[in-house]
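Here is the structure we will look at.
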Protein chains: 2
Amino acid sequence: MRACVDIGGTKVAVSLSAADGAPLLARRSEPTAKTGDNDAVAVQILRMIDAACAEQGIDAAAIACVGVSTCGPFVLQDGQIELAAPNICGGLSGPARGLPNSWRSAQLEAPLRRRFARVRVENDGVAALEAERRWGALQGLSHCAYVTWSTGVGVGLCVDGRILRGKNGNAGHAGHSYVADDDNEVQCGCGNFGDVEALVAGAGVAHRFGREPAEIMAAAQRGDPQALQVVDGLCRVMGRMLYNLVVTLDLERISLGGSVFWHNRDFLLPRLRTQALTPLPPLTQGVELVPAGLGERVGDYAALALLD
Amino acid sequence: MRACVDIGGTKVAVSLSAADGAPLLARRSEPTAKTGDNDAVAVQILRMIDAACAEQGIDAAAIACVGVSTCGPFVLQDGQIELAAPNICGGLSGPARGLPNSWRSAQLEAPLRRRFARVRVENDGVAALEAERRWGALQGLSHCAYVTWSTGVGVGLCVDGRILRGKNGNAGHAGHSYVADDDNEVQCGCGNFGDVEALVAGAGVAHRFGREPAEIMAAAQRGDPQALQVVDGLCRVMGRMLYNLVVTLDLERISLGGSVFWHNRDFLLPRLRTQALTPLPPLTQGVELVPAGLGERVGDYAALALLD
């Protein structure tokens, strides 16, 4: 029996899986723990796994391995991953954010390893990429990426048949790259001004234009010229990020998901393709931008994809 | 005996090497062949290797392996690398460039493989990275990059201990990424408008400001406020590209070379560090930007570094 854990800034989800391909069992979700000591999130996860096991009548000692798909970034403490996520750690985001703790990082890998023999922690972009490579639109590809366009912008990368991890497992934070100067005043949750996530992710769009992305997308699809201009601007920024990934890593396909993209995919895809795949033909010709094969279920399968 | 080949848009250089660490022999250089059939560059290389062998009194059949460090981008033809380089192929750059051929690509790997048992072709950014990892400032590192800031901007990338190649060996073309909107009218040799190379490489700077980079750098170092403003603008763009590489790939060190950087490195490094290593501390803290350990000799060692 295996445990799948999904950690976001808002909620933590836990489920069990009997074997590869079996349905997820005992799925439960809670608001992410943000009070007490900096092991609170890990303690919460252990408690939720115990509860899921109890519900299924399973001895928690029978859990052989745990896959964790989580928001980042990561820092290493004695070689073990901790979360330095500004939407969880009050010591990083500062008093303006109002988080009820002063953590500089949240313990994660070490407490799980004290209980379970096999633990694999990856950032949620990497985990979603694994899911798309195993069951989705990136099967059989050696040079590819998964990009989520949602509340934030997350990326998982694969080059030469290998998932990229980097020195602390943070490869894929291209959502915090700089690609344009559309609005150098708008601040990202990470503290940057005017990075991709600040400009095009859900929270940034609402802040910049005073309307939710869904509303702007709907107006643009009805032909509202102002909304169309906004969407073209968003696609210019997101398209540049996708293009940058293609030329920096010589990719063959990128699959896209996330709520902002998914609900408007037929409208956004041609615009993104124009931005991302027109320049530098020797590198972009034949490259494909496609909707995630797992659709809205990418997140559900991400942690599961980390387990053999 | 091994042959080392360096192909640029302006010249082709060939030398021989008896063994690892031995000095390069019979080095010769010619203007890059650009007339005749699209195998002209490959024919030129074979002739230059023969001439180098003759000079050393060596039977050309004794050449066991050939390393080729070359400008790109690459395309694959029946699995063999050909050059789709706009400064060599007139069929790509169009009539305005005035190249005396209409090649869409230049043959390279296939003709060399017909003569030699072992041939390794890499883009010059990758080859320079290999040299820096073997003998320069990137020894022993698993997550690193080499960046040249010269007539063009070239990059070689290493993540998780492995050199990144990509679907056609073009990984590292971050010089053609978009990071800002400083001047969306200035055209790069690749056809893009306003990419990094267009904005900060030697040719782009001369075009944008009517003065060579060396002249602007000298004026800035004398305290000329206008020149200082130009240099700060160039460092903003180049620094953003370096930052984007760090957060996309979670690197630990980047070594820098190339004529624009090298001759002004003490002046440029602090400015680049401010741009590249200030944002997103969990990913940039402790990351190092350093001058190339091989200095101006990186290019000389690049092809040699491709051979075992």
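The table that follows gives values for the structure above.
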item	result
Single residue of B:Val230, B:Val179, B:Val159 found to be buried (at least 17 other Cβ atoms within 10 Å of the Cβ), closer than 24 Å to B:Asn87 by Cβ and β-branched (Val, Ile, Thr)	B:Val179
Wholly enclosed helices (runs of 4 or more DSSP H) of region B:72-168 bearing at least 3 residues hydrophobic (A, V, I, L, M, F, W, C)	B:124-135
Region A:116-132 residues that are free of Cβ contacts under 8 Å to residues at least 24 places away in the same chain and within 15 Å of A:Leu83 (Cα to Cα), paired with ones that are of a type outside the set (D, E, K, R) and part of a strand (DSSP E or B) (beta carbon under 7 Å, 6 or more apart)	none
Top-ranked residue in region A:17-45 [being in a strand (DSSP E or B) and more than 18 Å from the chain's Cα centre (by Cα); ranked as modelled with the highest pLDDT]	A:Glu30
Check on A:Leu83, within 24 Å of the chain's Cα centre (by Cα) and either within 24 Å of A:Leu16 (Cα to Cα) or modelled with pLDDT of 95 or more (or both)	yes
Residues (more than 7 Å from chain A (Cβ to nearest Cβ) and within 21 Å of B:Gly233 (Cα to Cα)) located in region B:150-180	B:Ser150, B:Thr151, B:Gly152, B:Val153, B:Gly154, B:Val155, B:Gly175
Every residue from region B:53-68 that is surrounded by fewer than 16 Cβ atoms within 10 Å (Cβ to Cβ) and in a loop (DSSP other than H, G, I, E, B)	B:Gly57, B:Asp59, B:Ala64
Hits in region A:246-263 - residues which are crowded, with 24+ Cβ neighbours inside 10 Å and over 20 Å from A:Tyr301 (Cα atoms)	A:Val246, A:Val247, A:Thr248, A:Leu249, A:Asp250, A:Leu251
Flag for B:Val14 being in a helix (DSSP H, G or I) and under 19 Å from the mean Cα position of the chain (by Cα)	no
Qualifying residue in region A:97-108 (condition: of a type outside the set (A, V, I, L, M, F, W, C), within 30 Å of A:Ala292 (Cα to Cα) and within 14 Å of another protein chain (Cβ to nearest Cβ))	no
Members of region B:290-301 found to be surrounded by fewer than 21 Cβ atoms within 10 Å (Cβ to Cβ) and of a type in the set (A, V, I, L, M, F, W, C), listed by number	B:Val290
Near pairs, Cβ below 8 angstrom, 6+ apart or cross-chain, from region A:252-280 (more than 14 Å from every other protein chain (Cβ to nearest Cβ) and closer than 16 Å to A:Leu228 by Cα) to any residue that is assigned to a loop (DSSP other than H, G, I, E, B) and hydrophobic (A, V, I, L, M, F, W, C)	A:Val260/A:Ala201
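The values are calculated or read from the model by the stated rules, or taken from the named source; none is laboratory data. What you see is a predicted model, and the numbers here were worked out from it, not measured in a lab. Note: ideal-geometry Cβ built from the backbone for every residue, glycine included; neighbour counts use all protein chains shown.
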